[in-house]
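Heads up, the thing below is written out as structure tokens.
The values are calculated or read from the model by the stated rules, or taken from the named source; none is laboratory data. If you're wondering where the values come from, they're calculated on a predicted model, not measured in any experiment. Cβ placement follows ideal geometry from the backbone for every residue including glycine, while neighbour counts extend to all protein chains displayed.
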Amino acid sequence: MADRQPLVRLRGIRKRFGSHEVLRGVDLDVQPGEVMCLIGASGSGKSTLLRCVNHLETPDSGRVVVDGDLVGYTERDGKLYELPERQIRAQRARIGMVFQHFHLFPHLTALENVREAPMRVHRHSKATATATALDLLDRVGLAAKADAYPRHLSGGQQQRVAIARGLAMRPQLMLFDEPTSALDPELVGEVLDVMRDLAAQGMTMIVVTHEMGFAREVASQVAFMSDGQIVERGTPADVLGRPAHERTRSFLSKVL
Ligand code: ADP
Ligand code: MG
């Protein structure tokens with residue numbers, strides 16, 4: 001097969017907080033349409049890495065390229081200069097992100113949460129943004145809850161609204177940071193179902209998760225992070241079924 005251009009290319013990503021080097025040179029490629037599941041112990045740097053992809057976190061060195069564009073920086077004479085905030089926001093608009101704790105606007109209904117960014121950032125008319133938002137709410141199974149406020153929705157429903165909101169800007173890439181970790185066990189499945197559908201429709205996704213069943217079934221690749229580095233990556237069958245590294249085996253023995 002001819003070399004494809006990865007949608008996401010991370011090279012040599014380093015990040016330190018004070019004296020603690022949290023990311024120690026991470027390289028990662030995600031092809032269009034792939035689902036990359038990022039696993040690893042708490043504190044290994046998964047969230048920081050995900051946040052570097054859309055420049056919510058500024059890497060100390062290394063490059064993040066999404067769809068051929070350097071994220072957060074411009075390069076002149078081999079040196080990187082951080083882009084102005086307005087341009088970073090425009091890049092971020094093409095990357096949807098879903099967090100563990102939903103982060104919905106509490107004073108807005110489900111519908112208003114989903115159509116807010118397209119109206120504010122893309123200046124879509126209320127009618128257009130509403131039609132798109134209703135469509136997306138339908139896709140996550142929540143058409144009937146369009147006028148409900150977050151406090152009247154279950155955690156699983158709130159997270160599905162958050163996914164619809166993430167999709168509203170028509171992103172090329174979706175980032176999920178432990179999207180089911182804050183949910184009661186009986187609500188996990190409905191969120192994973194929505195993510196599974198999204199994957200089946202060809203969305204490129206990077207998913208930090210402890211749901212090994214989901215990773216096994218949906219991931220194109222699994223990457224295991226430990227101590228700020230990717231220790232091992234490959235197909236779910238390899239990484240989860242035949243881990244090559246002792247640290248991966250030790251981690252899996254605790255979560256499986
Ligand atoms: P994970 O998502 O794998 O649990 P994180 O990326 O959240 O790991 O964190 C990795 C390490 O970086 C942890 O030790 C965490 O305490 C530290 N860390 C993360 N964000 C910050 C921050 N803003 N300031 C200081 N330390 C941080
Ligand atoms: Mg995390």
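Among the residues in the stretch 7-26, are any within 15 Å of ligand 2 (Cβ to nearest atom), charged (D, E, K, R), within 21 Å of E178 (Cα to Cα) and part of a strand (DSSP E or B)?
yes
Does A133 satisfy the condition of being at pLDDT 95 or above and either crowded, with 24+ Cβ neighbours inside 10 Å or assigned to a helix (DSSP H, G or I) (or both)?
Spelling it out, A133 is indeed at pLDDT 95 or above and either crowded, with 24+ Cβ neighbours inside 10 Å or assigned to a helix (DSSP H, G or I) (or both).
Looking at the stretch 101-130, which of its residues are basic (K, R) and surrounded by 13 or more Cβ atoms within 10 Å (Cβ to Cβ)?
Answer for the stretch 101-130, where residues must be basic (K, R) and surrounded by 13 or more Cβ atoms within 10 Å (Cβ to Cβ): just R115.
Residue-wise test of (1) crowded, with 16+ Cβ neighbours inside 10 Å; (2) not basic (K, R).
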| site | (1), (2) |
| --- | --- |
| D60 | no, yes |
| G72 | yes, yes |
| E75 | no, yes |
| K79 | no, no |
| E82 | no, yes |
| I88 | yes, yes |
| Q91 | yes, yes |
| I95 | yes, yes |
| F99 | yes, yes |
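Here's the yes/no breakdown for (1) at pLDDT below 95; (2) among the hydroxyl-bearing types (S, T, Y); (3) touching a strand residue (DSSP E or B) at 6+ places or on another chain (Cβ under 7 Å); (4) closer than 26 Å to C52 by Cα:
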residue: Y149; (1), (2), (3), (4): no, yes, no, no
residue: H152; (1), (2), (3), (4): no, no, no, no
residue: G155; (1), (2), (3), (4): no, no, no, no
residue: I163; (1), (2), (3), (4): no, no, yes, yes
residue: T204; (1), (2), (3), (4): no, yes, yes, yes
residue: F214; (1), (2), (3), (4): no, no, no, yes
residue: V231; (1), (2), (3), (4): no, no, yes, yes
residue: T248; (1), (2), (3), (4): no, yes, yes, yes
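Can we say G43 is touching a strand residue (DSSP E or B) at 6+ places or on another chain (Cβ under 8 Å) and on the phi > 0 side of the Ramachandran plot? Steps first, answer last, please.
Values: touching a strand residue (DSSP E or B) at 6+ places or on another chain (Cβ under 8 Å): no; on the phi > 0 side of the Ramachandran plot: yes.
Criteria not met by G43.
Could you pull out every one of the helices (runs of 4 or more DSSP H) wholly within the stretch 144-256 that has 1 or more residues that are closer than 29 Å to E21 by Cβ? Steps first, answer last, please.
On the way: elements: 155-167, 185-200, 212-218, 246-255.
Ranges flagged: 212-218, 246-255.
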